[in-house]
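Step one of this worksheet: look at the structure below.
Every read-out reported here was derived from the displayed coordinates using simple, explicitly stated rules and does not represent laboratory data. It should be emphasised that the depicted structure is a prediction, and the values quoted were computed from it without experimental measurement. Here the Cβ positions follow ideal geometry from the backbone for every residue, glycine too, while neighbour counts run over all protein chains shown.
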Amino acid sequence: MSRLLTVSNVSSGYGLTPVLRDVSLHVETGEVVAVVGANGVGKSTLLRTITGLLRPTHGDIVFDGVSIKGLPPHSIVGHGLAMVPEGGRLFMFMTVLENLELGAFAPTAREDVRQSLDEVMELFPILRERRTQLAGSLSGGERQMCAIARALMSRPRMLMLDEPSLGLSPLMLEKVFELIRTVVSSRDLTILLIEQNVADALEMANRAYVVEGGMIAKTGLGENLLHDPDIQRAYLGL
């Protein structure tokens, strides 16, 4: 495997409020890597920094051998790095189809928009049924599927998911995680998963990082961390 994403000693935050402190991690091509931890420790800030929504105050971010630090978000998507934000962030007064088509705004993605639509509707058949409905009329699980499908419309090499389990029922949570597994296998995608649901994230991940207080506290194979006594006590109630 080759290194696809490298985050090196990155610090960032909001105004004068620091959140991340000297965070370093990497993701190899074809991996599913999870970043887990309690609410408010900096997981979402990490994704916002990688995608250009926040500018790091220190460190570097390299994707596919090229530094993307300081690039605008649309340019980063054009490099092949897409994010599904927390809550999906759909355009609620637009149809499902219109939301999906917006995902293909990059010039390279626009060329294959019809093929991409066929592919995502094959992966998510419910979206074909709902394609003319307003996104605001979808259930929570359907919105999450639409948000993932919209990100796939950009034809990314790497997909980053920010808390895909947020607000979902246990049954729908299981379905969404199964769909993520399907997307990984069918698209040969690399995944960076930010998740508060530690057990499911570690079960899915090849490797994982545990964030505490804006820093990487622990890293290892997903399976090993799942059985780590410290992780079980802190996050799994065991």
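Spelling out what I want: for every residue of the range 128-134, take phi, set θ = phi - 60°, compute 6.51 cos²θ - 1.76 cosθ + 1.60 (Karplus), and round to whole Hz; glycine and proline get x.
Result, ordered by residue: 5, 5, 9, 4, 9, 7, 5 Hz.
Compute from the Cα atoms of the range 112-163 the Rg and the Dmax, the latter being the longest Cα-Cα distance, and quote both in angstrom.
Computed over the Cα atoms of the range 112-163, radius of gyration and Dmax are 11.0, 30 Å.
Check each of the chymotrypsin sites (Phe, Trp or Tyr not before Pro) in the range 80-172 and keep only those in coil by DSSP with at most 11 other C-beta atoms within 10 angstrom; list them in order.
For chymotrypsin sites (Phe, Trp or Tyr not before Pro) across the range 80-172 that sit outside H, G, I, E and B with at most 11 neighbouring Cβ atoms in 10 Å, the list reads 93.
For the range 66-75, in order, what is each residue's ³J(HN,Hα) by Karplus, 6.51 cos²θ - 1.76 cosθ + 1.60 with θ = phi - 60°, in whole Hz (x at glycine and Pro)?
10, 5, 10, 4, x, 6, x, x, 5, 5
Given a Förster distance of 45 angstrom, what is the FRET efficiency for residue 112 paired with residue 24, based on the Cβ-Cβ distance and rounded to 0.05?
Calculated transfer efficiency: 0.80.
Could you pull out every one of the lysines with an alpha carbon less than 16 Å from that of residue 43, ignoring same-chain neighbours closer than 8 positions?
218
For the range 75-115, what ratio Rg/Rh do Cα atoms give with a Kirkwood hydrodynamic radius?
Taking Rh as the inverse mean 1/r over Cα pairs, Rg/Rh reads 0.98.
Which three lengths, in whole Å and largest first, does the range 28-146 cover when its Cα atoms are put on their principal axes?
Cα spread of the range 28-146 along its principal axes, largest to smallest: 46, 36, 27 Å.
Using only Cα atoms, what is the ratio of the radius of gyration of the range 43-103 to 2.2 N^0.38 Å?
Dividing the Cα radius of gyration by 2.2 N^0.38 Å gives 1.27.
For the chain, take the longest principal axis of its alpha carbons; what is the angle in degrees between that and the long axis of helix 113-123, to the nearest 10 within 0 to 90?
Between helix and principal axis, roughly 70 degrees.
For the range 1-86, take N as its residue count and report Rg(C-alpha) divided by 2.2 N^0.38 Å.
For the range 1-86, the normalised Cα radius of gyration comes out at 1.03.
Label point 7 Å out from residue 166 along Cα-to-Cβ: which residues of the range 176-214 have amide N under 11 Å?
Under 11 Å, as judged by backbone N against the label point of residue 166, lie 195-196 of the range 176-214.
Pull up all non-local amide H partners of residue 217: gap of 5 or more, or a different chain, and H-to-H distance under 5 Å with H placed in the peptide plane.
Here 210, 211, 212 satisfy the definition.
How much mean residue ellipticity at 222 nm does the chain get from its helices, if each DSSP H run of length 4 or more adds -39500 (n - 2.57) and you divide by all residues, to the nearest 500 deg cm²/dmol?
Calculated mean residue ellipticity at 222 nm is -10500 deg cm²/dmol.
How large are Rg and Dmax for the range 115-238 when only the alpha carbon atoms are used, in Å?
15.9, 49
Run the simple label-point estimate for residue 75 and residue 199 please: 7 Å along Cα→C-beta, distance reported in nm.
4.4
Whole angstrom only: what separates the Cα centroid of the range 126-153 from the Cα centroid of the range 174-195?
16
In degrees between 0 and 90, to the nearest 10, how far off the longest principal axis of the chain does helix 140-152 point, with axes built from Cα atoms?
Helix 140-152 sits at roughly 90 degrees to that axis.
In Å³ and rounded to a whole number, note down the convex hull volume per residue for the Cα atoms of the range 185-235.
Convex hull volume per residue, Cα atoms: 84 Å³.
Jot down the radius of gyration and Dmax of the chain, Cα atoms only, both in angstrom.
17.2, 50
Out of residues 5 or more away from residue 84 or on other chains, whose amide H comes under 5 Å of its own, with H placed 1.01 Å from N in the peptide plane?
When sequence neighbours closer than 5 places are left aside, the close amide H contacts are 160, 161, 162.
Using only Cα atoms, find the angle between the long axis of helix 170-187 and the longest principal axis of the chain, and express it within 0 to 90 degrees, rounded to the nearest 10.
For 170-187 against the chain, the angle is about 80 degrees.
Work out, step by step, the length gained on full extension between residue 60 and residue 212: first 0.36 nm times the residue separation, then minus their alpha carbon distance; give nm to one decimal.
Result for the pair: 52.7 nm of gain on full extension.
Please go through the range 149-238 and write out the chymotrypsin sites (Phe, Trp or Tyr not before Pro) that DSSP classes as loop and that have at most 15 other C-beta atoms within 10 Å.
Passing both the DSSP loop test and the Cβ count: no residue.
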